[in-house]
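To start, the structure under review is shown below, and the notes come after it.
Quick note: the coordinates plus some simple rules give every number you see, no bench work behind them. Just so it is clear, the model here is predicted, and its values are computed rather than measured. Cβ coordinates were reconstructed from backbone atoms using ideal geometry, including for glycine residues, and neighbour counts include every protein chain displayed.
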Amino acid sequence: MKSISITRCSTIVLLMATSLSAYGLTSEEELGKSIFFDTNLSINANMACAACHGPAAGWTGPTESINAGGAVYEGSIAGRFGNRKPPSAAYATPSPVLHYVLEKAKNKNKTDAHFIGGNFWDGRATGEKLGNPAADQAQGPFLNPLEQALPDAATVITTICGSAYTVLFTNVCGADACDAGNVSSAYDCVGLSVAAYESSSEVNQFSSKYDAYLAGMVDLSKEEKRGLNLFKSAGKCANCHVLDPGPGGEPPLLTDFTFDNLGVPRNPDNPFYSEPLYNPQGFSWVDLGLGGFLNSRIDYQQFAAENYGEQKVPTLRNVDKRPYPEFVKAYTHNGYFKTLKQVVNFYNTRDLKPVCPDDPLTDIDESLFTPVEEAMAQGCWPEPEVATNVNTSELGNLHLTDAQEDAIVAFLKTLSDGYIP
């Protein structure tokens, strides 16, 4: 298992903030941007939101060495790690408040609660507090001891009120936002402002080659168009990563904001396994995803078991966005996969390949903890981290050829913002 030491540089975060083009942001969006890139909003003044959500990497993990291993980012306090890879901060704001509808269960003759919306991989930022899951989510990392680790909301507000953008803060959140008696409302304004920035045209650009294609400005290559057709048909990708326009004719978001258990294996390099203070279960820890969150809510506990292992369906916009071609990204909630080809091959062959064998020379069950490169080389897949509720109707045995997998990958590469016709 790898232990990753991270050194963050405030200058790099500042450069990321200033290198983005001017998009005519509103005052609320400008405030959210200032907060998003402020490293002082962490216990050791070394971590901003952008440390885990870098624009050049599609608003997700911007550090290649981390993505190549455990994919979980170190917090402001050295040696503290969360348990999942950062989701993209882009195209997340349209997610509705978490709710459910009753539908016939996949693979079963019964009715299940089908959850939609929320934010974070497990949906725990429900949007019930601020009416916006992205705003609820934005308030979390500042106070999370494994992330920015500030002790309380008052510290967040005090830090902002001593910053270079204090006037902008009071203009947006009220002249009395820095008063000690207004911490709660001021902190809500922080969450809403970050969400406003994440909703802005600077973050949600809709400027990919696919967008240009939809607008009739360019054509897709033969390979890309073949991939698009497979995406909609044999690959079954569009079942969840929907290509339908929004209710007002908005470009497709490439997600339906639902949850699914894909049968993803454990990531053996996840540093959370070796963090006894916050994970006393060690390598026995299992990420129950949405079901784990539902189990924490009395009103949702009855639906927990049928949603164990389910994680948020992410947008595929910017899925291949990277600062340079060789840059390594990590995919799925725990970053197990390192290339789009690996992900597509897993969708295609999960139920065809044998389970990876145990290694009698180690103390770790290799059938559970085989790294993706070894699995690909051996022609096997590790067992799912959560074996219940695995989706077997939409992936696992798609009968795609190697060339068809490559075509889907070619289409996915058209979804990166910043395309210039």
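Between residue 27 and residue 45, residue separation times 0.36 nm minus the direct Cα-Cα distance comes to 4.0 nm. Simple spin-label estimate for residue 222 and residue 305 gives 5.4 nm between the two label positions (7 Å along the Cα-to-Cβ direction from each Cα). Taking trypsin sites (Lys or Arg not before Pro) as exposed when their DSSP state is a loop state and no more than 10 other Cβ atoms lie within 10 Å, the longest site-free interval of the chain runs over 111-421.
Considering only alpha-carbon pairs that sit under 8 angstrom and 6 or more positions apart, the relative contact order computed for the range 281-397 is 25 percent. For the range 70-174, GluC sites (Glu not before Pro) are listed when DSSP marks them as loop and at most 15 other Cβ atoms sit within 10 Å of their Cβ; the list is 128. When the helices in the chain are scored as -39500 (n - 2.57) per DSSP H run of 4 or longer and the sum is shared across all residues, what 222 nm value do you end up with, to the nearest 500 deg cm²/dmol? Rounded to the nearest 500, the figure is -8000 deg cm²/dmol. Here the contact order of the range 180-311, divided by its residue count and restricted to Cα pairs under 8 Å and six or more residues apart, works out to 13 percent. In straight-distance terms, cross-link reach from residue 33 covers every one of the aspartates and glutamates whose alpha-carbon lies under 16 Å from its own, apart from those fewer than eight places away in the same chain; here that gives 188, 198, 202. Only Cα pairs under 8 Å and 6+ residues apart enter the sum, and on that basis the relative contact order of the chain stands at 20 percent. Assuming R0 = 45 Å, what is the FRET efficiency of residue 250 and residue 358, from their Cβ-Cβ distance, to the nearest 0.05? After rounding, the FRET efficiency stands at 0.35. Between residue 100 and residue 215, the distance separating the two model label sites (each 7 Å from Cα on the Cα→Cβ line) works out to 4.1 nm. Counting every other Cβ atom within 10 Å of each residue's Cβ, 218, 344 order from fewest to most as 218, 344.
Each label point was placed 7 Å from the Cα along the Cα-to-Cβ direction; for residue 65 and residue 297 their separation is 3.9 nm. For the chain, the Cβ-based charge dipole about the Cα centre amounts to some 560 debye (Lys, Arg positive; Asp, Glu negative; other atoms uncharged). With R₀ set to 22 Å, the beta-carbon distance separating residue 373 from residue 406 gives a calculated FRET efficiency near 0.75. Sparsely packed loop sites in the range 196-250 (the chymotrypsin sites (Phe, Trp or Tyr not before Pro) outside DSSP H, G, I, E and B with at most 13 other Cβ atoms within 10 Å) do not occur. Stokes-Einstein diffusion for the chain, with the hydrodynamic radius set to the Kirkwood value over Cα pairs and evaluated at 37 °C in a medium of 0.692 mPa s, equals 148 µm²/s. According to the square roots a ≥ b ≥ c of the eigenvalues of the Cα gyration tensor, what is the shape class of the range 225-299, taking rounded for a/c under 1.5, prolate for a/b larger than b/c otherwise, and oblate for the remainder? It comes out prolate by the Cα gyration axes.
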